[in-house]
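What follows is a single structure, written as structure tokens, with notes after it.
Coordinate-derived values only; no laboratory data. What you are looking at is a predicted structure, and each value in this text was computed from that prediction instead of being measured. Note that each Cβ is placed from the backbone with ideal geometry, even for glycine, and that neighbours are counted across all protein chains shown.
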Amino acid sequence: MKVVTANRLIDGEVVFWRAGQWVERFAEADVFAAEDAERGDEAVQAGKDQPTLVVDPYLIDIADGPSGPAPVSYRERIRALGPTNEPDHGKQAEGGAAIAALQAATGAARSTGRVDLIRRK
């Protein structure tokens, strides 16, 4: 399973693709299954076609964790939670089931989407 992510150009906020637009919450993102890879690639291309809105859209790997879906990569979990300087700042301060799932996820694997992006540059 994969999700498309990027950074919003105007303020640097981490955003996720959902039904043709960018949303700020990981839990709201469209999830692309392995057999849906073409739609995921189309979403990345749509993001690249919006150079005044987002920077560097790419697919990240996600997996079902003990509390719900979360990015496989530790880096992407941090991005989805928002700033990590204080637990009462950013998206993590809002709490809820989606935030709890991100916080409970374990592992430090790299997302294949990001690795492929680095290789292309």
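What are the residues whose amide H is under 5 Å from the amide H of Ile62, where those residues sit 5 or more places off or on another chain and H is modelled from the backbone?
Counting only residues 5 or more places away or on other chains, the set is Lys2, Val3, Val72.
To the nearest 20 debye, what charge dipole does the stretch 1-45 have about its Cα centre, counting +1 at the Cβ of each Lys and Arg and -1 at the Cβ of each Asp and Glu?
Dipole magnitude for the stretch 1-45 comes out near 120 debye.
List every residue whose amide H lies under 5 Å from the amide H of Leu9, counting only residues 5 or more places away in sequence or on a different chain, with H placed 1.01 Å from N in the peptide plane.
It is Val54, Val55, by chain and number.
Report ³J(HN,Hα) in whole Hz for each residue of the stretch 59-66, in order, from the Karplus equation J = 6.51 cos²θ - 1.76 cosθ + 1.60 where θ = phi - 60°; Gly and Pro get x.
8, 10, 7, 10, 8, 6, x, x
For Tyr74 and Leu53, compute 0.36 nm times the residue count separating them, minus their Cα-Cα distance, and round to one decimal in nm.
Stretched fully, the Tyr74-Leu53 segment lengthens by 5.0 nm.
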